[in-house]
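Enquirer: Handing you a structure now.
The values are calculated or read from the model by the stated rules, or taken from the named source; none is laboratory data. Quantities reported herein were computed from a predicted structural model and do not represent experimental measurements. When we count neighbours, we look across all protein chains shown, and the Cβ atoms used for this are built from the backbone with ideal geometry, even at glycine.
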Amino acid sequence: MTGLWLGRPTGRVSNPAMSRWTTVVERAGSTRTYTGTGNGVIYADGPIESLFGIVHRNVRLTIAARATITLTDHVVYQSPPGRGSDAANLLGLYSLKGDVQVDGARAPRDLHVDAVILAPEGKFWVKEFNALPDRGTLSVLGGVVQAKLGEFGAFDPTRDLRLGYSRVVRFDRRLLHQMPPFFPVSSRYAAPRPRPDPLYRKPRWEEIPVP
């Protein structure tokens, strides 16, 4: 994984084959390099201000942060899953208290994000989505779990103009039997119907807290 910038001080992480991690931390003009064996998790006790890069075909990784994680470019698998693919690459993005957001001013047109995204107290969205020109499509391969529905784009009817991104989310079927390292999961769910929606009449699925 390349291009992980952890605010101030900044850091970048490379992990070519999951056996050795190299972390470079830049602080006040000086640079320190740390190497070692990773456990599959990168954690930031604060925000991640810029995330982008390629996940090596043999890497299973969870990137977690206490605050918001900001994507500024493509985050993609070196070998996408599919028929005939034996690639193991799998990525989880987990913001404990914030959002997982795309910086619309810095991200490219037709953005690709390969990851399972979890924001239990926030949302997955595009920052300044309603002030951007048409940026094409934001394509997600994986899954999205969020507390609030995030915004990606808008339409200005007065100018017949589309703003921000359209969105396509494709479920990664590998998630039926595997998850990124240490990713929080649950097998307890319920579908309460306290006040059925008169239009759709569908239950609202929610996780049951572990007692």
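Enquirer: Output the residues belonging to segment 159-182 that are closer than 30 Å to A105 by Cα, at pLDDT below 90 and either hydrophobic (A, V, I, L, M, F, W, C) or surrounded by 10 or more Cβ atoms within 10 Å (Cβ to Cβ) (or both).
Expert: L161, R162
Enquirer: Follow-up. Taking segment 72-84 on its own, how many of its residues are in contact with a Lys or Arg (Cβ under 9 Å, 6 or more places away or on another chain) and of a type outside the set (F, W, Y)? Please lay out each step first, then the result.
Expert: At the first step, the residues of segment 72-84 found to be in contact with a Lys or Arg (Cβ under 9 Å, 6 or more places away or on another chain) are 72-73, 77-79, 81.
Narrowing the set further to residues that are of a type outside the set (F, W, Y) leaves 72-73, 78-79, 81.
Total satisfying the criteria: 5.
Enquirer: Taking into account only those residues within segment 52-94 that are of a type in the set (D, E, K, R) and either buried (at least 23 other Cβ atoms within 10 Å of the Cβ) or under 28 Å from G104 (Cβ atoms) (or both), which is nearest to the chain's Cα centre (by Cα)? I'd like the intermediate steps shown before the answer.
Expert: Just the residues of segment 52-94 that are of a type in the set (D, E, K, R), to begin with: 57, 60, 66, 73, 83, 86.
Filter once more, keeping what is either buried (at least 23 other Cβ atoms within 10 Å of the Cβ) or under 28 Å from G104 (Cβ atoms) (or both): 66, 73.
Working: R66: 14, D73: 12 Å.
That would be D73.
Enquirer: Regarding segment 97-112, can at least one residue be identified that is within 13 Å of the chain's Cα centre (by Cα) and either of a type in the set (F, W, Y) or more than 22 Å from L132 (Cβ to Cβ) (or both)? Please lay out each step first, then the result.
Expert: Step one: list which residues in segment 97-112 are within 13 Å of the chain's Cα centre (by Cα), which gives 98-103, 111-112.
Applying the additional criterion that residues be either of a type in the set (F, W, Y) or more than 22 Å from L132 (Cβ to Cβ) (or both) yields none.
There is no residue in segment 97-112 that is within 13 Å of the chain's Cα centre (by Cα) and either of a type in the set (F, W, Y) or more than 22 Å from L132 (Cβ to Cβ) (or both).
Enquirer: Only residues that are buried (at least 17 other Cβ atoms within 10 Å of the Cβ) and of a type in the set (D, E, K, R): list them for segment 35-51, please.
Expert: E49
Enquirer: Just the residues that are within 16 Å of N89 (Cα to Cα) and modelled with pLDDT of 85 or more, please, taken from segment 1-57.
Expert: Selection gives V41, I42, F52, G53, I54, V55.
Enquirer: Of the residues in segment 122-164, how many are of a type outside the set (G, A, S) and over 19 Å from the mean Cα position of the chain (by Cα)?
Expert: Of segment 122-164, the ones of a type outside the set (G, A, S) are 123-130, 132-135, 137-138, 140-141, 144-146, 148-149, 151-152, 155-163.
Keeping just the survivors that are over 19 Å from the mean Cα position of the chain (by Cα) gives 130, 132-134, 155-163.
Number satisfying all stated conditions: 13.
Enquirer: Counting just the residues of segment 66-102 that are touching a residue at least 40 places away in the same chain (Cβ under 8 Å) and assigned to a loop (DSSP other than H, G, I, E, B), which one comes out nearest to H112 (Cα to Cα)?
Expert: Residue satisfying both the conditions and the ranking: P80.
Enquirer: Right, V145: at negative phi, of a type outside the set (G, A, S) and buried (at least 20 other Cβ atoms within 10 Å of the Cβ) or not?
Expert: Numbers: at negative phi: yes; of a type outside the set (G, A, S): yes; buried (at least 20 other Cβ atoms within 10 Å of the Cβ): no.
So V145 does not fit the description; no.
Enquirer: Name every residue in segment 29-62 that is of a type outside the set (S, T, Y) and not in a strand (DSSP E or B), in order of residue number.
Expert: G29, G38, N39, G40, D45, G46, P47, H56, R57, N58, V59
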